[in-house]
Each structure stands twice: as structure tokens, then as C-alpha cells.
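Worksheet: the structure to be examined is printed underneath.
The values are calculated or read from the model by the stated rules, or taken from the named source; none is laboratory data. These figures come from a predicted structure and were not determined experimentally. Here Cβ is always computed from backbone atoms with ideal geometry, including for glycine, and neighbour counts include all displayed protein chains. The protein model used for the area step is the full one, side chains on, heavy atoms only, and it has no ligands, DNA or RNA in it. Shrake-Rupley method; radii C 1.70, N 1.55, O 1.52, S 1.80 Å.
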Amino acid sequence: MVDGDRWAQMRAMMPVMRRYAYMNCGWSGPLSDGVVDAMRRRIELETWEGPVARTAMDDKAATTARLRELTARMLNAEVDEIALTGNTTEGVNIAVNGVDLQPGDRVVTTTAEHGGGLIPAYWARERRGAEVALVTVDPEDGHGAILERFDQALDDRARMVVLSEITYSTGQLLPLRQITEMAHRRGATVIVDGAQTAGHVPIDVRALGIDAYAIPSHKWLCGPDGIGMLYVRRDRIADLDPVKVSMRAAALYDFDGHFEPERNKVTKFEVSTMSTPTMAGTVAALEQYLTTGIEETWTRARALCRYAEARFDRIPGVTVASPRSEESRTGLFLFRAGNLDPAVLTSYLYGDGAIVVRSVRERSAVRLSLHVYNNEADIDRTAELVERALVEGIPARYIEAAAHGPRE
Ligand SMILES: Cc1ncc(COP(=O)(O)O)c(C=O)c1O
């Protein structure tokens, strides 16, 4: 199939695209017909058979196994290295809190982290007396400059690195493999916040040699929310203690006080009942992504970002705020438009243009998440409205709307 047809087909599978130019999968991706059907089928099964009937239980076991299998395939991992979680942040927490940090140990992170990575690092300082070192990361920085800063931050007290492979606020791809090699040479555990990567960039945990990598279903993978997956390298599972525990974290127990902790199984990190319709939707989302193609998706997302750069460069008063270099560019495109407030502009784009994007307050920018179901026309339509806003101003009603708009 030629690429244009392939992307048009992806677009046709996303009902939301019939109403909106939806460019916000970096927050939450749209559900396709296939994902909704898979969830509906499971709900129907539970409705008519009962949730714990044999048929429903067999289906649940098969869905769980398939979810681990597809996640492992996407990450180049093994199924027994995949734990199911509630979201990325839970996965990051499991890994960060599982490391036995001592007072004075250093946790290295960056100035571009989402709270989902940064706050667990700060809590490690609060709880364990660890020291937090922040490596400055800006979209103009090349990988060389970033690696130099990590080199300085990773001193002999460094025990842990917590970082996003793609920053949510600038859409910057960080040199994860080199950072991991450097951290490992100094004996530090590397924990990745992959909220912006799964379903977007190819991930090869084996080639990266990473210790733990947390991802969600609901962003670039376009699965439902309420579920995430955590990869833990097999030889690191025993080193990480589970924080929230249940029978899955017991190798043996009885009611006379005997208890033997489960140390070696990745499922020790899973606590209890999870939503099977949500798992079924995630399975369908993973199948959809793997069928579309990991490399093809990555190439297309960046091609759209390049197109957006060129289009927005032609607007007087607009500055591109995401990285322009090939090594750092992703499908996240950010811009600033003169003195226009990004939240107000976002609300105007939604109200006047049926365009769904988000503002990033910390960077005073508007962010477009460009996925394979988007096209050049979505970008043109956004650029035209931005041009109009810069010339004519934004109607006052959008100031009020922005004050009450969604906040991530
Ligand atoms: C880099 C990053 N980390 C973490 C999160 C939170 O993700 P989740 O809802 O899966 O915990 C986000 C959400 O936008 C993000 O962009």
C-alpha cells in the first residue's frame, strides 16, 4: 500500500478525526474503531456470561498473556520482564521506590521532566535522604552537550538516573543509549519515563541495556487510559523491592505466620484485579501499532513535524520551540505565537477551528502531537488560524474559556 493510502486508512479508523483535527495524543490518544470494538466485545462477554464465568476467565487469561506478549515484542523484551501497571507514573514509582537508596546517594534527573518522573525523584530525597541532581536539558542542545552534562552529574555517588526518553515539554529525544552506558559504568540504575515514546519511537530495551522502562497505553499507542506496562530487565527484578504488595509478591504464605517473599517474578509488582476491557483495548491498540509499523510510524511522525516547522516558519511572529535537529526531533511540535497566551490560543483553536492541541505553560508554547492519522491539512489549518489570531487578535470569550480549560 502506498504511504498516503495507509495514513488515510488510519485516519478513517479514528472517529474523532471526523469532527476534529485531533493533535493531542501526547496527552491522550484517540481510540480507533478496532480498539473500541475489542473493549465492547469484552464488556459484552462479562455482561452476558458474568465476569468470572469459565469463558470470561479463559478470555481474561488469554488477553493478559497476549498483552504481555505484544508489549514484549514492541520493546524487544521477554514476556517475563513485563509487569502490568495503571499508567507510566505508577511504573516509574515502582522502579524508583524499589531501589534501596541510602542517604547521600545521588539521583540524577533533568530539568525537562514531567511531574510523573520528577516527583518520585524528589520523594526519594524526602524519604531516603538521597540527593537530587538536575541536568539542564534545552531543545537547542545537541546530544554532545547533553552527554557532557550527564558526565558531570554522574559522580561516584550516583545510584540512579530517572529520565524521559522524549521530553513532554519540548518534544526532545534524548540520547538514552549513551546516557545508560555512562550511568552503568558508574553503577547507577536507569529508569525511563516512556510516556511519550511507546507507539511513537522504536524502543529496543535490550539494545539500550536499560534497567526499567515505564509506558502507558493511552498516549501514542492510542489505547484506553487506566493501564500501563513496566519493563524490568530480568537480572534486575530481584533487586527491586515491590512497594505495594499482594499474594503476587508472596512465594509462599500461610495463616500461621509463614511467609516467603517472591523476589524473582516481575508479577510481584502487580497488585490485584485489573480491568479486562482496558487490557483488551490495549491489545487491539498494540496490534494496530505493530501492523502499521514501528519504523514507519516514527518516520511519518517526524516528517509531519518537519512539515510543521517549515509551515510555521513562514508566519511572522512565530517561533518554533521544539528541537530542529534530526537527532532530537520527534512527532511533538511546539511553537510560540508572539505575545499570545498559549492557553488562550489553544482554546481559540478548539473553538474556532475544531483543533485539539495543548498548551505547555512552562514553555509558554502550544504543542501539537503529530501522529500517523494526522496530515498536512491539519497543520495548515492550525497555521492559518494562528496567522489570523496574530493579525486580528483572539476574541475575549476565549480568555474565559482558557481559564476553565483542561489542565494536564
Ligand atoms: C513525560 C511524561 N511522563 C509522565 C506522564 C504521565 O503519564 P501517565 O498518565 O501514563 O502516568 C506524562 C503525561 O503527559 C508525560 O508526558
Between residue 140 and residue 296, what is the FRET efficiency for a Förster distance of 51 Å, r being their Cβ-Cβ separation, to the nearest 0.05?
-> 0.95
Calculated from DSSP helices alone, with each H run of at least 4 adding -39500 (n - 2.57) and the total divided by the residues of the chain, [θ]222 nm to the nearest 500 comes to -13500 deg cm²/dmol
May I ask what percent, to the nearest 5, of DSSP beta bridges between residues of the chain are antiparallel?
-> 55 percent
With charges only on Cβ, +1 for K and R and -1 for D and E, what is the dipole size of the stretch 1-96 about its Cα centre, in debye, rounded to 20?
-> 380 debye
Accessible area per residue in Å² at 1.4 Å probe, computed on the chain | 43 Å²
Modelled label-to-label distance, residue 241 and residue 185, 7 Å Cα→beta-carbon offset: nm?
-> 3.2 nm
Distance in nm between label sites at residue 313 and residue 53, each 7 Å beyond Cα in the beta-carbon direction?
-> 6.0 nm
To the nearest 10 degrees, how steeply does helix 33-49 sit against the main Cα axis of the chain, on a 0 to 90 scale?
-> 40 degrees
Between the modelled labels at residue 125 and residue 258 (7 Å from Cα along Cα→Cβ) the distance in nm is 4.7 nm
Protein accessible area in the stretch 97-252, 1.4 Å probe - carbon and sulfur % = 48 percent
Which residues' amide hydrogens lie under 5 Å from the amide hydrogen of residue 135, considering only partners 5 or more residues apart or on another chain, with H built in the peptide plane?
-> 109, 110, 111
If one takes the longest principal axis of the Cα atoms in the chain, at what angle in degrees, from 0 to 90 and to the nearest 10, does the Cα axis of helix 342-353 lie?
-> 70 degrees
Residue 370 long-range amide H proximity, modeled H, under 5 Å | 332, 333
Dipole of the chain (Lys/Arg Cβ +1, Asp/Glu Cβ -1, origin at the Cα centre): which of 123, 32, 291 lies farthest to the positive side?
-> 32
Rounded to the nearest 10 degrees, what's the angle between the helix 376-392 long axis and the longest principal axis of the chain, both from Cα atoms, 0 to 90?
-> 60 degrees
Around residue 189, which amide H atoms from residues at least 5 apart in sequence, or from another chain, sit under 5 Å from its own amide H, with H modelled in the peptide plane?
-> 160, 161
Each residue of the stretch 119-125 in turn: what ³J(HN,Hα) in whole Hz from Karplus with 6.51, -1.76, 1.60 and θ = phi - 60°, glycine and Pro shown as x?
-> 5, x, 5, 5, 5, 5, 5
